[in-house]
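Take a look at the structure below.
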Amino acid sequence: MEIDEQQTDVQVAEYKKILDEFKKIPSKPIYEPTYLELCEYPWNRREEICSRLFAFFFDTRNPHGFGTLFIDSLIEIYRSKYNSNAVFGKSNVLIAETEVKTSNDNRIDLVITSDDFIICIENKIWAQRYNPFDDYFNYIESIKGDRKTFFIILSMSGGEYPEGSEGQFKVIYYREIIEKIKENIGAYLIDCNRT
């Protein structure tokens, strides 16, 4: 079978024209949720709203443009405050989930996962620390696999640990993480979403 080079050239030119036209089609815009959507307004439980906002910014898959700013700031506080050389690993993909259900039907406020670690966060704004912390600990330990685990109480005030979990949960204050984010934000401002 003989190949007609002229016909082949015409077909290639037509395919290139089609591809060029395809490239002109604008890409689908990335959906960017509003703060009201993130807060799931009108629900008004402050801890849940704050957990959802933190989850949005901790999760590197979201269109905020801050990359790992929030997790890097949290890890920096954890290491300095608790004189820890804890190895978190360096992951650019972090998944943050709120209201994670344990085997006993309790709910963890915020769980951040990567290939290397899991961070369990109990968010405390005004409520007392009465949660089933041992259940949270046991659940995270049951799903960790080879990953390291870290347990944090993110608190507005108060330094006391929940009963029975002094060695597991470490307290980090809102003011500490907000100050650290402000301190570290400079390098991220170029790429962040300013809308």
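Okay, residues lined up against (1) in contact with a helix residue (DSSP H, G or I) (Cβ under 6 Å, 6 or more places away or on another chain); (2) under 16 Å from Arg147 (Cβ atoms):
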residue: Glu47; (1), (2): no, no
residue: Arg52; (1), (2): yes, no
residue: Phe56; (1), (2): yes, no
residue: Thr60; (1), (2): no, no
residue: Asp72; (1), (2): no, no
residue: Phe88; (1), (2): yes, yes
residue: Thr98; (1), (2): yes, no
residue: Asp116; (1), (2): no, yes
residue: Ile119; (1), (2): no, yes
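Does at least one position in segment 12-20 carry a residue that is at pLDDT 75 or above and either part of a loop (DSSP other than H, G, I, E, B) or surrounded by 11 or more Cβ atoms within 10 Å (Cβ to Cβ) (or both)? No, that holds for no residue.
Considering the conditions (1) over 22 Å from Glu176 (Cβ atoms); (2) touching a Cys at 6+ places or on another chain (Cβ under 8 Å); (3) of a type in the set (Val, Ile, Thr), Val111 is excluded by exactly one of them, (1). Every condition in (1) under 26 Å from Ile185 (Cβ atoms); (2) modelled with pLDDT under 90 holds for Thr113 except the one numbered (2). Looking at segment 130-145 only, could you name the residues that are touching a residue at least 12 places away in the same chain (Cβ under 8 Å) and of a type in the set (Asp, Glu)? Result: Asp134, Asp135. Here Gly158 passes the criteria (1) modelled with pLDDT under 85; (2) open to solvent by 70 Å² or more (accessible area, probe 1.4 Å); (3) among the small types (Gly, Ala, Ser) except the one numbered (2).
The values are calculated or read from the model by the stated rules, or taken from the named source; none is laboratory data. None of the values given here were measured: they were computed from a predicted structure. Because the Cβ atoms are built from the backbone with ideal geometry, glycine has one as well, and the counts that use them run over all protein chains shown. Ligands, DNA and RNA are excluded from the accessible area calculation, which covers all protein heavy atoms including side chains. Shrake-Rupley method; radii C 1.70, N 1.55, O 1.52, S 1.80 Å.
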